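Pasting in a structure now, in structure tokens, and then I'll have a few things to ask.
Values quoted throughout were computed directly from the atomic coordinates according to the rules given, and no laboratory measurement underlies them. Source: prediction; values computed, not measured. When we count neighbours, we look across all protein chains shown, and the Cβ atoms used for this are built from the backbone with ideal geometry, even at glycine.
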């Protein structure tokens, strides 16, 4: 008989090892699925994990995509992880991302065609504020009226999507766009353009900001009293109250911080890779970032790696669809498996298996 | 003694790292009141859980009425005629008495029939109880009656009672004993778990004493002195805490007309509580749990804010001030619940130091944490308070109850509080740790701190406090010097009788 037994303290070694184990298990189960679909399992997995980075022919195109896709994922996931640590569940980063993009783009377009070095920084601030304000709605509703931030933040995503559709066909529509929905291309307006910093690396200002946010979050969680307050609130809410931590302040801090980062991620996307506000500007980074946050164990360094891994499966998944004609659903299933195995193996950090004879 | 009901033969149960029971053998006769005596952690609970089918023994077997008895689950034990009243009640606050009883028995009859049965049993055994009352509004004693009646409805041959008097006032204890004697006279056997020696000597026919999972002896308690029983239970003799000479200073903490509505719908609101603690003095507040103890502590700790003037610290009104401010001013509190309230179970001991150590120990500068200093303080607590753990990086939950309590008390005591309020300092703590904790509280007071102890353990309060009052339904009785206080007086104070006189 196999029994689970709680460990006295969480195993540090396994905290690091279980994500690796989860990736291996995903490859095994995914390989099986690809075989059942009639595709060569090893090649499919190679296309997903290896080819985007090292294929001699097209890796020069796909490799920069890694940072382009990982940047917003990491940036948003870092913000979310703060709240998740404190037991505050912001599910609406997608909405904050959209509102950040709209408000930043609106400021930039207001200055068009004026050229100034100051415009881009002002846009970043506007984007961050937009995300922040959008996140303050669930924060204030929760602290004042005790509403559930999960529902409010999620519903605000659909409000943000409706706003996006509205402004791309109305207020922010390109007057020279011959009636097509969508704003002017911000990437072609040099004061607002978020160019690659190193050519062909995918590295733009959003990626830099994501890396800075990782360092900042690490510092906050391990060295600063606020980080301790966030951890304590999540681990033992009554102990947090006993310690004198103002729970409303923690809600505002965590939701505000995640909104700020999601808003910035939206701004960097609209001024860089996306280029313009359109009805289908958002592609689900805000939701995928939830997975990234958990995949990274809510730990800043883990989130950095998880963001890169997630971006890789996205690029590799697209590649596999293209080259092997795999259905899109099978790639999504593959990504789902990754999260499933991760949560399943997570059990091992706090429990151990004990094999015992039956009497 | 009459014929045999249940025989335990060589019962052994091993948990990872702990031998809970080792080769325990004894028997219980029909109509016998048999005591199971031992300290916290001696293995009493594990043993009765095996009888009740909650835990399966690793070795050994049981025989009931000449039949092999090996219940796989409590239901089987109940069918075989074993009933159990737990120390912690498993009742739903929002349901009424009859509904709660219906939930706990096999094939309950309809509510009206059940209500009649409840009334009948409650009359027969002297357990007054109204089946239509909501459990949330009942006192601890009444809740216990609900559990007992639930068991009696099944007509048990063996009734197990786990520390039944720990939640009762002295008056209620008398009532319970009458009920148990009546049951005994009708041929029901009772396994009575306790560490209160006087009770056992008054009530029980025989007693089995457990120490560290092993049976030490089975004896007739009325033939032994309390001291002999205690020595068998504890093994070695402990030094009683030494009181030093008392010199009281000025009033340090004053609570005046503190009224507070409980946040918990079934909690007890505080009604105009007033008290004053002088430096060097230990004040004891007794009373049965659920009479406003948690509410009083939360108002003092700053978890719940009250009118500013209701609480004064060294002449300064602080009712509205946050917890951090109070600690910075030398006012510390320790709540009853260790895991989750006084300490975060999954965080390291170092992290746990920060919960209350931040302000007075200057562990953070401009918000930057000084981990070295924090760790040093954690290590100092572990050393000074003899906390058994191999590293301060261990999670709080890895410590035993007594060790974690020593850590939590040590964390506050080492910060030299001017005022220290503690709720249930030795609840669920083994005797050695309890003695150490009591001694540290006495030392703290003799070093000039004002100490307020809220406890359900009357012996503890009488032993170490200078003045005593009881909390009853959210109201506090007058304080009386413990030196000239009789047990009867305490009973009246806990029952609120004294307050009635004051009103009339």
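Run through all the Cα pairs of the protein assembly as shown and give the fraction in each 10 Å bin from 0, expressed as whole percent.
Taking every Cα pair in the protein assembly as shown, the percentages come to 2, 11, 17, 19, 18, 14, 10, 6, 3, 0, 0.
Among B:132, A:330, what is the fewest-to-most ranking by other Cβ atoms within 10 Å? List each step's numbers first, then the result.
Working: B:132 11, A:330 19.
Exposure proxy ranking, most exposed first: B:132, A:330.
Here's a follow-up. Helix B:111-124 versus the longest principal axis of chain B: what is the Cα-based angle in degrees, 0 to 90, to the nearest 10?
It is inclined by approximately 90 degrees.
Starting with the fewest neighbours, write out A:50, A:205 ranked by other beta-carbon atoms found within 10 Å of each beta-carbon. Intermediate results must be reported in sequence, preceding the final value.
Working: A:50 14, A:205 19.
The fewest-first ordering by Cβ neighbours comes to A:50, A:205.
Same structure again: Against the 2.2 N^0.38 Å scaling, with N counting residues, where does chain B land? I'd like the Cα-based Rg ratio to two decimal places.
On the way: Rg = 23.9 Å, N = 504, 2.2 N^0.38 = 23.4 Å.
Here the answer is 1.02, to two decimals.
Averaging over every viewing direction, what projected area does the convex hull of the Cα atoms of region B:4-234 cover, in nm²? If you can, show how the numbers build up before the last one.
Values: hull surface 49.0 nm².
Across all orientations, region B:4-234 yields a mean hull projection of 12.3 nm².
Another question, if that's okay. Report the paramagnetic label zone for residue A:332: residues of region A:269-288 whose backbone N is under 19 Å from a point 7 Å from Cα along the Cα-to-Cβ axis.
Residues passing the 19 Å test: A:280-288.
Still on this structure: Taking the beta-carbon count within 10 Å as an exposure proxy, list B:167, B:146 from fewest neighbours to most. Write down the numbers at each step before the final one.
On the way: B:167 19, B:146 25.
In order of increasing Cβ crowding within 10 Å: B:167, B:146.
Turning to a different aspect of this structure: Would you mind telling me which residue in A:328, A:85, A:184 has the biggest mean-square fluctuation in a Gaussian network model of chain A, where springs connect alpha carbons within a distance under 10 angstrom?
A:328
Separate question: Using only Cα atoms, find the angle between the long axis of helix B:431-446 and the longest principal axis of chain B, and express it within 0 to 90 degrees, rounded to the nearest 10.
30 degrees
Using the Cα gyration tensor of region B:274-322, with a ≥ b ≥ c the square roots of its eigenvalues, what is the shape: rounded (a/c below 1.5), prolate (a/b larger than b/c) or oblate (neither)? Mind showing how you got there, number by number?
Numbers: a/c = 2.49, a/b = 1.17, b/c = 2.12.
Verdict is oblate for region B:274-322.
Any idea what the relative contact order of region A:22-99 is, in percent, if you count C-alpha pairs under 8 Å spaced at least 6 apart?
On the way: 27 pairs, mean separation 9.5, N = 78.
Once normalised by length, the contact order is 12 percent.
Restricting to DSSP H runs of at least four residues, report the calculated mean residue ellipticity at 222 nm for the protein assembly as shown, -39500 (n - 2.57) per run over all residues, nearest 500 deg cm²/dmol.
Numbers: 31 runs with 423 residues, N = 863.
Computed ellipticity for the protein assembly as shown at 222 nm equals -15500 deg cm²/dmol.
How much length is gained if the chain between residue B:65 and residue B:462 is pulled fully straight, taking 0.36 nm per residue apart and subtracting their Cα-Cα distance, in nm to one decimal? Intermediate results must be reported in sequence, preceding the final value.
Values: separation 397, 0.36 × 397 = 142.92 nm, distance 4.47 nm.
Residue separation times 0.36 nm, minus the Cα-Cα distance, leaves 138.4 nm.
Relative contact order (percent) for region B:4-234, with alpha-carbon contacts under 8 angstrom and 6 or more residues of separation? Don't jump to the answer; show the numbers that get you there.
Working: 445 pairs, mean separation 67.2, N = 231.
Contact order relative to length: 29 percent.
Classify chain A as rounded, prolate or oblate from the Cα gyration tensor: take a ≥ b ≥ c as the square roots of its eigenvalues, call it rounded if a/c is under 1.5, otherwise prolate when a/b beats b/c and oblate if not. Can you show the working numbers first?
Working: a/c = 2.05, a/b = 1.21, b/c = 1.69.
Note, shape of chain A comes out oblate.
What residue among A:191, A:116, A:81 shows peak mean-square fluctuation when chain A is described by a Gaussian network model with Cα springs under 10 Å?
Evaluated over chain A, the most mobile residue of the options is A:116.
In addition: Within 10 Å of each Cβ of A:217-230, how many other protein chain Cβ atoms are there on average? Kindly include the intermediate steps, with their values, before the conclusion.
Numbers: counts 0, 0, 1, 1, 0, 2, 6, 5, 9, 3, 2, 10, 3, 0.
Per residue, the number of nearby Cβ atoms from other chains is 3 on average.
Now, a different point. Can you give the average number of partner chain beta-carbon atoms within 10 Å of each beta-carbon in peptide A:239-250, as a whole number? Present the calculation step by step, with values, prior to reporting the outcome.
Values: counts 15, 2, 7, 17, 13, 14, 4, 3, 0, 0, 0, 0.
Taking the mean over all residues of the peptide, I get 6.
Here is a follow-up. If you count, for every residue in A:231-238, the Cβ atoms of partner chains within 10 Å of its Cβ, what is the mean? Each step should come with its number before you reach the end.
Details: counts 5, 6, 1, 2, 7, 12, 3, 9.
Counting Cβ atoms of other protein chains within 10 Å of each residue's Cβ and averaging gives 6.
Pick out which of A:277, A:212, A:98 has the largest mean-square fluctuation in a Gaussian network model of chain A, springs linking Cα atoms closer than 10 Å.
For chain A, modelled as a Gaussian network with Cα springs under 10 Å, the answer is A:212.
Helix B:401-413 sits at what angle to the longest principal axis of chain B, using alpha carbons and giving 0 to 90 degrees rounded to 10?
Its long axis makes an angle of about 20 degrees.
Separate question: Taking a ≥ b ≥ c as the square roots of the Cα gyration tensor eigenvalues, with a/c under 1.5 meaning rounded and otherwise prolate when a/b beats b/c, else oblate, which class fits region A:58-173? Mind showing how you got there, number by number?
Details: a/c = 1.93, a/b = 1.27, b/c = 1.51.
Oblate is the answer for region A:58-173, as a/c is 1.5 or above yet b/c matches or exceeds a/b.
Further, regarding this structure: Under the definition of Cα pairs under 8 Å and six or more residues apart, what whole-number percent is the relative contact order of region A:188-340? Mind showing how you got there, number by number?
Details: 87 pairs, mean separation 28.4, N = 153.
Reported relative contact order: 19 percent.
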